[in-house]
1. Return P(r) of the chain (all Cα-Cα pairs; 10 Å bins starting at 0; whole %; ordered from short to long distances).
2. Considering only the other residues whose Cβ falls under 13 Å of the Cβ of V150, what net charge follows from Lys and Arg at +1 and Asp and Glu at -1?
3. Testing the spin-label approximation: label points 7 Å from Cα along Cα→Cβ at D37 and D94. State their distance in nm.
4. Could you provide, to the nearest whole Å², the per residue accessible area of segment 60-118 with probe 1.4 Å?
5. If N is the number of residues in segment 40-124, what value comes out of its Cα radius of gyration divided by 2.2 N^0.38 Å?
6. Label-point separation (nm) for T4 and Y155, each offset 7 Å from Cα along Cα-to-Cβ?
7. Residues of segment 21-41 with amide nitrogen under 18 Å from the 7 Å Cα-to-Cβ point of D138?
8. What percent of all Cα-Cα pairs in segment 1-94 falls in each 5 Å bin, counting up from 0?
Amino acid sequence: KFSTGKSSLINALLGDEVLPDSLNPCTAYINEVTYGDEPKAAVSFKNPLPPNWELWVQDEQVKAHILQHAGGQVPDYIVDDLDALADCVTIPYDEDEEEPIATLDNSPFAKAVIYYPSELCKNGIEIIDSPGLDEAKDRTEIVDKYLNKVDAVIYVMTNIATGGDSDKEINVGIC
């Protein structure tokens, strides 16, 4: 579910603040963490870009990258400083951080692959950070589609309202 600490758990497993995290629903789409000698990320874009994509893009360099390739397939944007990754992979909120300022339909981003020198990922293990369930239908659909591609799932739950009907409906083979 959303805001249960999925990104925080992954950061703890990696031993560093690699993924952005927040008390608000934060992860907008799939983030794949895989081994890399140097920390960096490759952010992929939707093709075609959706209308009003500008609502999602906070970083001027990312905006310039998209505009440079507008009209065609936008190549991956490489993020060399993982501190700047939040501008690409998190849900944008208004200044009061109460409500998202855009829907996922307007997001130009498809997914991010984060390369990180983690021993955990060194032998081909990929760690996936997903949006939370039950927060927004479009993000729940992203997770549902991606579940068919994974070998194992760690389902992060809080001890508040655990085991409710929505937990039982998730088809990930929980046992």
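The values are calculated or read from the model by the stated rules, or taken from the named source; none is laboratory data. Everything numeric in this text was worked out from a predicted model, so none of it was measured. All Cβ positions, glycine included, derive from the backbone under ideal geometry; neighbour counts span all protein chains shown. Just the protein is used for accessible areas: all its heavy atoms, side chains included, with ligands, DNA and RNA removed. Shrake-Rupley method; radii C 1.70, N 1.55, O 1.52, S 1.80 Å.
1. Values per bin, smallest distances first: 9, 38, 37, 15, 1.
2. Details: positive: K145, K149; negative: E32, E126, D129, D144, D151.
Summing Lys/Arg as +1 and Asp/Glu as -1 gives -3.
3. Result for the modelled spin labels: 4.8 nm.
4. Heavy-atom SASA per residue in segment 60-118 reads 54 Å².
5. Normalised by 2.2 N^0.38 Å, the Cα Rg of segment 40-124 equals 1.16.
6. If labels sit at T4 and Y155, their model points lie 0.7 nm apart.
7. Zone members listed by number: 25-31.
8. For segment 1-94, the binned pair fractions read 2, 12, 23, 24, 18, 13, 6, 2, 0 percent.
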